[in-house]
1. Among the residues that make up the range B:50-71, is at least one of them over 19 Å from B:E31 (Cβ atoms), open to solvent by 20 Å² or more (accessible area, probe 1.4 Å), within 13 Å of the chain's Cα centre (by Cα) and at the interface with chain A (Cβ under 9 Å from one of its Cβ atoms)?
2. Considering only the range B:85-108, state which residues are under 14 Å from B:V35 (Cβ atoms) and either in contact with a strand residue (DSSP E or B) (Cβ under 8 Å, 6 or more places away or on another chain) or at the interface with another protein chain (Cβ under 10 Å from one of its Cβ atoms) (or both).
3. What's the number of the condition A:L72 fails, among (1) at pLDDT 90 or above; (2) in contact with a strand residue (DSSP E or B) (Cβ under 8 Å, 6 or more places away or on another chain)?
4. Is at least one residue of the range B:73-84 within 11 Å of chain A (Cβ to nearest Cβ) and either surrounded by 14 or more Cβ atoms within 10 Å (Cβ to Cβ) or not hydroxyl-bearing (S, T, Y) (or both)?
5. Pick out the one residue from B:E121, B:E60, B:E96 that is charged (D, E, K, R), free of Cβ contacts under 8 Å to residues at least 60 places away in the same chain and touching a Ser or Thr at 6+ places or on another chain (Cβ under 7 Å).
6. Within the range A:437-449, track down each residue that is more than 7 Å from chain B (Cβ to nearest Cβ) and in contact (Cβ under 8 Å) with a residue 40 or more places away in the chain.
7. Could you tell me whether any residue of the range B:27-40 is assigned to a helix (DSSP H, G or I) and modelled with pLDDT under 95?
Amino acid sequence: MKTESDTWCVDNMAAPKEGTVTHSSKKLDMKLRKLEKILSSKEHLEISSQPTQILCIQNGGLGNNVSQLELLSVFSASGDVSDVVMIPQKQYSFVSFTDVAGASRAFHHFNGHLLRKGNDPSQDVVLYLLFVKRAPSPLKPSSERPPGLHVLEDFVTEEDEEKLLSLVNMDDTEEIKVGGVMKHRQVKHFGFEFRYDINDVDVNNPLPDGIPPLCQNILHRAYNLGVIGHMPDQLTVNQYKPGQGIPPHVDTVDAFEDGIVSLSLGSQTMMDFRHPDGRHLLVTLPRRSLLVMTGESRYIWSHGITPRKSDIVLTPDRDGLTLQNRDVRTSFTFRKVILNRKQTNARQKADAGLKSVPQSDSEGRELEQQHVHQVSCSLCMTALPNTSAALATKPWPRVAEFLLDLPDGFLVADVGCGNGKYLGINKKIFEIGSDYSSNLASICRSRGFETCVADVTNLPLRCGVLDVVLCIAVIHHMSTQARRLRAVSEIIRVLRSGGKALIYVWAMEQDYDKTPSKYINTGRQKKPEQMLKDSRETVGEPTSSGTKLQSAELGRKDGLEMNQLTQKQNAHLRVSPADISSTAQQLNIRRKPAEVLEMSVASNDTGVSVHGVHSQSETSVLPDTSKTLHVHVNRTQFKEQDMLVPWQLQCKMANEDKSEACAENGDKSSVFHRFYHVFRQGELEALCKKVPGCEVRTRYYDQGNWCVVVEKL
Amino acid sequence: MKLLTHNMLTSSVIKGVTKGFPLKIVASKVEVREVDYNEPFIIKTLSKVDWPALHQAANEVGYGEDLPIELGEDFQKDETLLRKIHNALLQVDIIEGELVCPESGRKFPISNGIPNMLLSEHEVSS
């Protein structure tokens, strides 16, 4: 990833020797001043002009592939290091010393220091140091737990712990390899071997050694307590040395039953649980405790262990927090293998892409959870570092025009605001952005906008408080008619009488008025930058490249409706192709390659759907009860209203841990299917008219979208 | 989260909750960030603000002592007061803490300045 911070070390690439300070002091001063400006404005770090005990280490972060251990070994030379705080995906970290003198020595000695990263000079980084007033608090255990998760403390005695550990002599195991990458921990299997190449067990090939009898007794106790509904038949023993971890993953859904249990022996650890919506909880697993993951915590939340040498844990009296070093931890993870693989449940069907159009509200919620929220979360997590500003470059002109026309002092909510590209266009109104994804909300917040995490079908806003609601490209993600209706009702509820809402949804008709939309059009032009989409908006939006062409087209299309203001605004918002291609590089998000799509279009004009099922050419507005959701072929005409649109995420693996995570998850993580319900002509108005007090004032077609301005009576 | 945002938030979508307003603020980290003073904006916004809720919220986070319990008729001419209101509405920023539903006690975390108002399916009245 090419980022701003990398450019600071470009001129240091002439391969000086490790540790060389490469700058004249004047040049270094200039660099530090520039860095200070960026870190304080964009990252909100509190840089101190006076020496403090804490240093921010630019280019020494997880985002640069630098480890906590590497920093510790470098900075211990200057003094007593009390803490090294690493932040996921950031290119900086924080090193705290026990005294200011140590930090000052490091500041003078290591500013401009070249850190060698092995034999490949392109991996080398130059460290820049600034004093900061405070480092972010190190990760503390959360009191909240994911639903379905239990930690049973002191589940085995010290005596049993010793016996269990003697059952497995980990010294004779070899470090396993996944896809040629060495894992950082040692494993041993009983009952069935878990094969990391296929992320599954071979059910026809059980191991000679079943689960040891001592373990059976322990499992019986868990079973009798009712925390698991079956007796496990597979055991994986993992050994983690201090500083080793496991990347976030969900245990293979179709290989194991619900209810996964894990004993922690020899040492405590801290497990990271992450929900696709961005929630992140840290759960302490004390030594000799039993972890039980069921339901949501087993299927929806990922779990992993951040490689650290210590954990923040509660003190024995549970009053305060203390730092506890990690020792060698051996985990016994017990799972029940699904032997009859023909039994498919809804979740497995979903994995195979065979999901049905939802019929009920809860089915709808579940589908959106997996095929809307989880996708935006994944896209956004990959896209996060340093791209937030670049993401917000392409507002649709007519939406911007609508916003600029609003009177000063209006209160506006942008529901489903994504990365906030419509926030801040009109500086004289007060706007609140809301999004279901907390990652997207964080992007908006980091850009200085008021944001909350909320669901458009349950807006946390007072009735009648808003002058205007913006709802752009949101309602087409609602998977049932009732949920789409609910979204419009909520928008109307929060508007004052006479208040207006602008709603955009993706249109079924992509060649309305005999003009193919950009979405259809761009598939034939092999400009890679035109395939770039931001992390929220997937479809139908005007691409920002070739802005002359775009303006000309819009001008023709909108005729007299396009006033000078729009043109001015449009010109103001132009982005150079160079910006876009660098953004594309940063994001690495692309549509499926145009070439492949063109082949599909050329060979099969009726569209291609999964598993050889041809999509129906016509469908009614009301969903057919038995209808399967098909996967849409990008840049072709829509064949159906409800579908999954594939997204390809070319995630460059910054480190081996990530590729390991992909391997463990069956490497499905690079293609996402996002649910869309595309609207037919007239459908959006019909939907709005069903909501009492909602009057449609304007309707139009804008670049593959149906749009309305509605007013609350 | 600014107090103007807070003034619009409610937990009324929770099952069994009728008003859900104002949400009580329990703040553990509050910052004051400078925002340009715009008198017409403040006056216009005050017509939409629920004053008792703002008064209560400002007091909960420690910036309410100069605000009157009721807004007098001549407040538009009192620039000193308007500047204090400007500070409370737009400059005070709740960074960490939680919002508490006045009826159900349901807590909504505020983290990094962002309140998380998501509810689970079973908490919501349909």
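The values are calculated or read from the model by the stated rules, or taken from the named source; none is laboratory data. This one's a predicted model, so the numbers in the text were calculated from it and none came from an experiment. Neighbour counts are summed over all protein chains in view; Cβ atoms, including those assigned to glycine, are modelled from backbone coordinates with ideal geometry. For the accessible areas, the whole protein counts, side chains as well, though only heavy atoms, and no ligand, DNA or RNA atoms are used. Shrake-Rupley method; radii C 1.70, N 1.55, O 1.52, S 1.80 Å.
1. Yes, some residue in the range B:50-71 is over 19 Å from B:E31 (Cβ atoms), open to solvent by 20 Å² or more (accessible area, probe 1.4 Å), within 13 Å of the chain's Cα centre (by Cα) and at the interface with chain A (Cβ under 9 Å from one of its Cβ atoms).
2. Those that are under 14 Å from B:V35 (Cβ atoms) and either in contact with a strand residue (DSSP E or B) (Cβ under 8 Å, 6 or more places away or on another chain) or at the interface with another protein chain (Cβ under 10 Å from one of its Cβ atoms) (or both): B:N87, B:L89, B:L90, B:Q91, B:V92, B:D93.
3. (1)
4. Start the filter on the range B:73-84 by keeping residues that are within 11 Å of chain A (Cβ to nearest Cβ), which leaves none.
No: the range B:73-84 contains no residue that is within 11 Å of chain A (Cβ to nearest Cβ) and either surrounded by 14 or more Cβ atoms within 10 Å (Cβ to Cβ) or not hydroxyl-bearing (S, T, Y) (or both).
5. Details: B:E60 fails: touching a Ser or Thr at 6+ places or on another chain (Cβ under 7 Å); B:E96 fails: free of Cβ contacts under 8 Å to residues at least 60 places away in the same chain.
It is B:E121.
6. Keep residues of the range A:437-449 that are more than 7 Å from chain B (Cβ to nearest Cβ), which gives A:437, A:439-440, A:443-444, A:446-449.
Within the range A:437-449, A:S437, A:N439, A:L440, A:I443, A:S446, A:R447 meet the criteria.
7. yes
Per-residue answers, yes or no, for (1) on the phi < 0 side of the Ramachandran plot; (2) within 14 Å of another protein chain (Cβ to nearest Cβ); (3) at pLDDT 85 or above:
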position	(1), (2), (3)
A:Q244	yes, no, yes
A:P248	yes, no, no
A:D254	yes, no, no
A:D258	yes, no, yes
A:S262	yes, no, yes
A:G266	no, no, yes
A:M271	yes, no, yes
A:D277	yes, yes, no
A:L281	yes, yes, yes
